[in-house]
Every structure is written in structure tokens, then in C-alpha cells.
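Peer 1: Following this message is one structure expressed as C-alpha cells.
The values are calculated or read from the model by the stated rules, or taken from the named source; none is laboratory data. Keep in mind it's a predicted model, so treat the numbers as computed, not measured. So basically every Cβ, Gly included, is an ideal-geometry build from the backbone, and we count neighbours across all protein chains shown.
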Amino acid sequence: MTIGRKEAGYRPLNDRIYDYGEVEQTLDDQDRIEQASRCMDCGIPFCHWGCPVGSKIPEWQDLIYQKDWKGAYEVLHSTNSFPEFTGRVCPAPCEKSCVLAIHNEAVTIRENEASTVEHAFNLGFVQPRIPEIRTGKKVAVIGSGPAGLSAADLLNQAGHDVTVFEKNSAIGGLLRFGIPDFKLSKTIIDRRLQIFLDEGITFRPNVTVGVDMTGDDLLAQFDAVVLANGAEQPRDLPVEGRELNGVHFAMEFLSQSNKRIAGEDIPEELSIHAKDKKVLVIGGGDTGSDCVGTSIRQKARSVTQIEILPKPAEKRADNNPWPYWPNTLRTSSSHLEGCERRWSLSTKRITGEEGQVKQVELVTVEWGKDEAGRWVMTEKPGSSEIVEADLVLLSMGFTQPVHNGLLDALGLEYDVRGNVKVNAQKQTSVNKVFACGDVEAGASLVVRAIEAGKIAAAHVDEFLSEE
Ligand SMILES: Cc1cc2nc3c(=O)[nH]c(=O)nc-3n(C[C@H](O)[C@H](O)[C@H](O)COP(=O)(O)OP(=O)(O)OC[C@H]3O[C@@H](n4cnc5c(N)ncnc54)[C@H](O)[C@@H]3O)c2cc1C
Ligand code: SF4
């Protein structure tokens with residue numbers, strides 16, 4: 001009750017924008033223990049309810065307070081295969097529902113999580129756990145993002161032979177090729193992968209299932225299949241000028257940047273780089289914010305991020321109370337690095353010279369409700385404006401998984417949003433095929449993908465033991 005919230009904070013701005021190292025700093029042990037001691041061990045821990053993996057937060061805060069890093073890690077890891085990922089990139093819904101946050105500042109749960117797992121690795125508590133018994137059942141996991149890796153971990157621990165197929169050259173899904181290194185260093189993924197290799201999981205990168213291997217082969221060779229291939233179809237912007245050079249999906253830009261940092265050569269003619277460019281990021285979400293931070297590190301001349309929705313309020317609205325997720329303004333470390341953010345702007349057209357984007361026409365929009373109570377957008381008369389841009393990054397989210405290829409070949413049913421349809425057991429419409437993560441839920445969060453992988457693994461295990 002006497003200790004205030006203390007965050008580790010970011011590295012100084014004039015240091016961090018010159019490299020791709022992680023932006024967040026760490027607290028010393030004494031501060032961290034004090035921060036964990038702020039947890040009040042409430043009778044009803046709403047943080048546990050707010051956390052998609054159901055982390056037993058008060059229990060491991062207490063263990064940190066007792067300096068029992070091993071015990072804290074074991075409790076933390078018991079509901080989450082990858083606290084080192086969520087400890088870095090989770091938006092921490094747990095903190096928004098922390099009971100302290102009703103009248104005070106929440107416990108630094110996410111930072112405490114990162115600190116616990118780093119202590120566990122540094123002190124040698126994270127060792128391969130090689131399953132003692134093998135069931136002889138073979139499971140294929142398609143996609144190596146957090147959902148696929150979470151399912152693979154738990155199925156391997158249950159004794160099944162797990163093979164993870166990945167179309168990219170490296171394992172990790174969006175952790176590897178979406179989330180920038182300044183939020184999540186790729187060495188953190190490699191460290192866990194080495195443990196998985198030691199534990200007996202087989203990884204097959206550079207295999208696009210549905211192309212290099214047919215759906216029929218997959219079903220013939222494996223006793224169960226877990227689809228964890230993400231929601232990779234980006235939302236497009238069907239306006240005049242969309243085809244101009246310099247207009248790209250955010251993921252084309254971000255994945256190239258991560259590959260470049262990993263030492264891959266990007267051919268000149270394919271290179272998308274922000275150096276000396278006026279960058280316009282269309283879409284005000286997290287992917288857009290990652291484009292901002294990456295553009296700044298690539299030495300863009302200017303960076304502007306626009307959003308079609310109105311600017312969110314700084315504080316919770318009356319109809320958006322604790323312990324729910326607050327629909328308030330979020331400012332990332334990238335936003336603080338020198339970008340202009342604007343709201344209520346719709347893109348009318350993109351214009352260029354000699355095939356290269358030069359300008360974008362924007363119009364201010366106003367939001368109101370129609371008679372049926374639905375949100376409707378109208379353009380404000382006379383508000384049209386032209387902004388200069390020589391790199392436009394489309395960052396308006398993802399609509400659904402890519403159907404063409406594996407998913408259509410397997411003859412799967414889709415839900416109304418075009419995601420793979422699953423039941424509560426994550427079973428798809430095709431026998432022995434399960435699905436988890438963005439492919440069945442739509443683009444979401446790392447922590448939700450991890451939880452979906454957990455649920456799928458439990459039901460695949462049940463399915464295999466009944467066979
Ligand atoms: C730029 C960006 C930043 C993000 N930042 C955050 C963040 O900070 N915090 C957060 O919580 N969430 C963040 N997210 C969301 C989060 O990354 C995703 O919700 C999460 O990764 C989904 O996990 P997944 O395992 O379902 O799919 P993915 O991570 O998308 O993994 C799917 C994998 O399947 C592979 N694949 C697809 N088809 C095939 C095939 N036919 N054969 C073989 N392999 C295939 C893909 O190559 C990919 O590696 C971000 C997303 C993006 C795009
Ligand atoms: S995984 Fe996310 S929501 Fe759960 S405890 Fe960690 S930071 Fe909080």
C-alpha cells in the first residue's frame with residue numbers, strides 16, 4: 001500500500017532509434033520484488049479473469065516477493081508456454097482488470113512476467129523436459145506462430161510425435177516476421193526453439209502445405225492435424241492509385257525489415273525502404289505503430305499515421321468500466337519517437353508521377369448513429385486535403401485466412417467471417433483436423449493464440465487417446 005507503480009521505461013529516444021534492439025528496459029531485482037509486492041492477493045483476482053491464458057497472477061507475484069524465481073516461473077509457465085513472448089508484447093488485459101486499477105495504478109504484471117522468465121533462463125531453471133513415454137501417434141502442426149508452437153509444445157509433452165510445418169524460412173510466425181525486433185528480439189524465439197528441438201519436436205521450415213505437400217498426403221501421413229496457419233489476408237484499400245509503386249501492405253514492409261535485420265539480402269528491385277521518404281501509414285492500430293517505429297529506424301524524412309475512426313478518449317467512458325478492456329487512446333514507444341498521428345480521416349485516392357506515389361487525397365469523416373443505432377460515417381463537406389507521401393503503408397488489419405490452397409483443398413467449412421469454422425474443441429468440419437489461433441478466430445493477439453493452441457492440444461490429445 002506504500003509502494004507506487006514503477007515501470008522500467010524505455011531506452012532513451014536518442015539511443016533506441018539508431019538500432020533495432022529491444023526498446024524496453026529492466027528494473028533491478030529489489031525494485032521488481034517491490035513491484036510484485038504491490039499485488040494485494042485479492043479474494044477474486046480479476047487479473048486472472050482478464051488474462052486469456054488464465055495466468056495465476058497473485059500466486060507468482062507472491063513467489064517473486066519471496067525471491068523464489070524458480071517457483072514463480074513454474075506457476076507462470078503452467079498456463080503459458082511462452083511468458084517470454086507475452087512478457088514483451090502482450091497488451092496486458094490483466095493490468096486493465098487489476099483490482100488496484102479501480103482507484104490506483106495496476107501492478108506491473110507484464111513486466112514482472114518478463115522479469116520472471118528471464119530470471120528462470122539466466123538461473124538455468126528452463127531445461128528441456130524430454131517426454132518419458134512416446135505414444136507413437138503422429139501430429140502435424142501447420143504454421144509456427146504462437147498458436148502452432150503452443151499446441152506443438154503441449155502435444156509433444158503428452159508424448160505424441162509432433163512435426164511443425166512452416167512455409168517461411170524461419171520458425172515463429174508473426175513473432176518472427178511481423179513483430180519488429182525492437183519489441184521482440186528474435187534471439188528470444190531461438191532460445192525457446194532450441195529447447196523444443198532438444199525435447200524432440202521436428203521443425204520443417206520452407207514447406208508450404210497445400211503446395212509442397214498436398215492436404216491428402218497430410219491426412220494420410222498423420223493421425224491428427226492442427227491448422228495454425230494464421231489470418232494472412234490483409235484488408236486492401238480499393239481506391240484510385242492503389243497500384244502505384246510505393247504503396248504496400250504493412251506486412252510486406254515489416255517482414256522485409258525483419259529479414260534484413262536477420263541478415264537476409266533483399267534484392268534491390270524488391271526492396272521497400274523508408275530512408276528519406278515521407279511515409280504515410282494508413283491504419284491506426286498496432287501493426288501501423290510497428291510501421292512507424294520501423295520507418296523511423298530506417299531514417300524516414302517524416303512519418304504520419306492516420307486512422308478512419310475518431311481519436312479515442314484519454315480516460316474510460318462511463319459505458320466502458322473496469323474491469324473491461326479500456327477503449328482509450330494507446331500510445332506506443334514508436335509513437336513517441338517522432339510521428340504525427342491523425343484521426344477521422346478517410347483516403348479518397350492516391351496519385352503519382354511516372355508510376356510512383358507522390359500524394360494522397362484525404363477527407364475528414366464524421367461519425368454518428370442511424371435510426372437503427374448503427375455507426376455511420378459521413379464525409380465532412382469541403383474537408384478534402386492533399387498530403388505528400390512517397391511510401392504508403394496499408395495497415396488496416398487482416399480480413400481472414402487465405403482460403404486458396406490448403407484450406408480449400410481440405411474442403412473445410414468457414415464461418416461467416418471467412419475463418420475456419422471450429423467447435424468448442426477446436427475441431428473443424430473435417431475429421432481429425434483441428435484449428436487454433438488467428439486462422440479460426442481472426443487476427444488477434446499472441447496471448448489468445450497461445451491459449452487457442454492449449455485448447456486444441458488438449459482436445460487433440462483426447463481424440464488420439466480415444467482412437
Ligand atoms: C505487425 C504485427 C504486429 C503484432 N504485434 C502484436 C503485439 O505486439 N502483441 C500481440 O499480442 N499481438 C500482436 N500481433 C498479433 C499476433 O502476432 C497474432 O495474433 C499471432 O501471431 C497469431 O498467431 P497464429 O499462430 O495464429 O498465427 P501466425 O503468427 O500468423 O502464424 C501462422 C504461420 O503459419 C504459416 N503458414 C501459413 N500458411 C501455411 C502453409 N500453407 N504451410 C505452412 N505454413 C503456413 C505462416 O507462414 C505463419 O508463420 C501483431 C500482428 C502483426 C501483423
Ligand atoms: S499473458 Fe498477458 S494478460 Fe496474461 S498475465 Fe501475461 S501480460 Fe497479463
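Peer 1: Look at residue 341 and say whether it is touching a helix residue (DSSP H, G or I) at 6+ places or on another chain (Cβ under 9 Å) and at pLDDT 95 or above.
Peer 2: Details: touching a helix residue (DSSP H, G or I) at 6+ places or on another chain (Cβ under 9 Å): yes; at pLDDT 95 or above: yes.
So residue 341 fits the description; yes.
Peer 1: Check whether at least one residue in region 106-116 is aliphatic (A, V, I, L, M) and either out of contact with any helix residue (DSSP H, G or I) (no Cβ under 7 Å at 6 or more places or on another chain) or under 24 Å from residue 467 (Cα atoms) (or both), and report yes or no.
Peer 2: Narrowing region 106-116 to residues aliphatic (A, V, I, L, M): 106-107, 109, 114.
The next check asks that each one be either out of contact with any helix residue (DSSP H, G or I) (no Cβ under 7 Å at 6 or more places or on another chain) or under 24 Å from residue 467 (Cα atoms) (or both); those that pass are none.
No, region 106-116 contains no residue that is aliphatic (A, V, I, L, M) and either out of contact with any helix residue (DSSP H, G or I) (no Cβ under 7 Å at 6 or more places or on another chain) or under 24 Å from residue 467 (Cα atoms) (or both).
Peer 1: With the requirement that a residue be surrounded by 19 or more Cβ atoms within 10 Å (Cβ to Cβ) and away from ligand 1 (no atom under 16 Å from the Cβ), what does region 127-143 give you? Steps first, answer last, please.
Peer 2: Within region 127-143, the subset surrounded by 19 or more Cβ atoms within 10 Å (Cβ to Cβ) is 137, 139-143.
137 - this is the single residue of region 127-143 that is surrounded by 19 or more Cβ atoms within 10 Å (Cβ to Cβ) and away from ligand 1 (no atom under 16 Å from the Cβ).
Peer 1: Return yes when residue 373 is out of contact with any Pro (no Cβ under 7 Å at 6 or more places or on another chain), of a type in the set (Gly, Ala, Ser) and in a loop (DSSP other than H, G, I, E, B) and no when it is not. Break it down stepwise before answering.
Peer 2: On the way: out of contact with any Pro (no Cβ under 7 Å at 6 or more places or on another chain): yes; of a type in the set (Gly, Ala, Ser): yes; in a loop (DSSP other than H, G, I, E, B): yes.
Judged against the criteria, residue 373 is a match.
Peer 1: Please give the number of the condition residue 426 fails out of (1) within 9 Å of ligand 1 (Cβ to nearest atom); (2) under 24 Å from residue 161 (Cβ atoms).
Peer 2: (1)
Peer 1: Can you name every residue in region 27-42 that is at pLDDT 95 or above and either of a type outside the set (Asp, Glu) or part of a loop (DSSP other than H, G, I, E, B) (or both)? Let's see the steps before the verdict.
Peer 2: Just the residues of region 27-42 that are at pLDDT 95 or above, to begin with: 27-39.
Across region 27-42, the qualifying residues are 27, 28, 30, 32, 33, 35, 36, 37, 38, 39.
Peer 1: Only one residue in 220, 224 is surrounded by 15 or more Cβ atoms within 10 Å (Cβ to Cβ), more than 14 Å from ligand 1 (Cβ to nearest atom) and more than 15 Å from residue 172 (Cα to Cα). Which one? Working first, answer last.
Peer 2: Values: 220 fails: surrounded by 15 or more Cβ atoms within 10 Å (Cβ to Cβ).
When all the criteria are applied, what remains is 224.
Peer 1: Right, here's the next one. When you go through (1) farther than 13 Å from residue 107 by Cα; (2) buried (at least 21 other Cβ atoms within 10 Å of the Cβ) one by one for residue 44, which number turns out not to apply?
Peer 2: The one condition residue 44 does not meet is (2).
Peer 1: If you don't mind, there's one more thing I want to ask. Given the conditions (1) over 27 Å from residue 63 (Cβ atoms); (2) within 16 Å of ligand 2 (Cβ to nearest atom), and given that residue 116 satisfies all but one, which numbered condition is not satisfied?
Peer 2: (1)
Peer 1: Contact list please: Cβ distance under 7 Å, first residue in region 297-308 and on the phi > 0 side of the Ramachandran plot and in a loop (DSSP other than H, G, I, E, B), second residue at pLDDT 95 or above and buried (at least 21 other Cβ atoms within 10 Å of the Cβ), pairs at least six apart or on different chains.
Peer 2: So the pair list comes out empty.
Peer 1: Among what's in region 78-92 and is surrounded by fewer than 21 Cβ atoms within 10 Å (Cβ to Cβ) and over 13 Å from the mean Cα position of the chain (by Cα), pick the residue that is nearest to ligand 1 (Cβ to nearest atom).
Peer 2: Only one residue tops the list, namely 79.
Peer 1: Now for a separate question. For region 172-214, how many residues meet the condition of being near ligand 1 (Cβ under 8 Å from one of its atoms), of a type in the set (Val, Ile, Thr) and within 17 Å of the chain's Cα centre (by Cα)?
Peer 2: 1
Peer 1: May I pose another question? Scan 411, 368, 418, 453 and give me the residue that is more than 23 Å from the chain's Cα centre (by Cα) and either assigned to a loop (DSSP other than H, G, I, E, B) or within 16 Å of ligand 2 (Cβ to nearest atom) (or both). Let's see the steps before the verdict.
Peer 2: Values: 368 fails: either assigned to a loop (DSSP other than H, G, I, E, B) or within 16 Å of ligand 2 (Cβ to nearest atom) (or both); 418 fails: more than 23 Å from the chain's Cα centre (by Cα); 453 fails: more than 23 Å from the chain's Cα centre (by Cα).
The match here is 411.
Peer 1: When you check residue 283 against the structure, is it within 21 Å of the chain's Cα centre (by Cα) and at positive phi, yes or no?
Peer 2: yes
Peer 1: Under the condition of being crowded, with 24+ Cβ neighbours inside 10 Å and more than 6 Å from ligand 1 (Cβ to nearest atom), which residue from region 161-170 is nearest to residue 233 (Cα to Cα)? Give the steps one after another, and end with the answer.
Peer 2: Applying the first criterion (crowded, with 24+ Cβ neighbours inside 10 Å) to region 161-170 yields 162, 164-166.
Next cut, more than 6 Å from ligand 1 (Cβ to nearest atom) only: 162, 164.
Working: 162: 27, 164: 22 Å.
Only one residue tops the list, namely 164.
Peer 1: While we're here: Restricting attention to region 378-402, which residues are free of Cβ contacts under 8 Å to residues at least 24 places away in the same chain and in a loop (DSSP other than H, G, I, E, B)? Steps first, answer last, please.
Peer 2: Going residue by residue through region 378-402, those that are free of Cβ contacts under 8 Å to residues at least 24 places away in the same chain are 378, 380-383.
380, 381, 382, 383, listed by residue number.
Peer 1: Pick from region 93-105 the residues that are of a type in the set (A, V, I, L, M, F, W, C) and surrounded by 22 or more Cβ atoms within 10 Å (Cβ to Cβ): which of them is nearest to ligand 2 (Cβ to nearest atom)?
Peer 2: Kept after step one, since they are of a type in the set (A, V, I, L, M, F, W, C), are these residues of region 93-105: 94, 98-102.
Next, from what is left, pick out any that are surrounded by 22 or more Cβ atoms within 10 Å (Cβ to Cβ): 94, 98.
Details: 94: 3, 98: 9 Å.
Here the answer is 94.
Peer 1: Further question: Output the residues belonging to region 365-381 that are surrounded by fewer than 17 Cβ atoms within 10 Å (Cβ to Cβ) and closer than 26 Å to residue 244 by Cα.
Peer 2: Restricting attention to region 365-381, the residues satisfying the condition of being surrounded by fewer than 17 Cβ atoms within 10 Å (Cβ to Cβ) are 366-381.
Passing the criteria: only 379.
Peer 1: Mind listing whichever residues of region 268-300 are out of contact with any Asp or Glu (no Cβ under 9 Å at 6 or more places or on another chain), of a type in the set (Gly, Ala, Ser) and farther than 17 Å from residue 358 by Cβ?
Peer 2: If the condition is that a residue be out of contact with any Asp or Glu (no Cβ under 9 Å at 6 or more places or on another chain), of a type in the set (Gly, Ala, Ser) and farther than 17 Å from residue 358 by Cβ, then 271, 289, 295 are the ones that fit.
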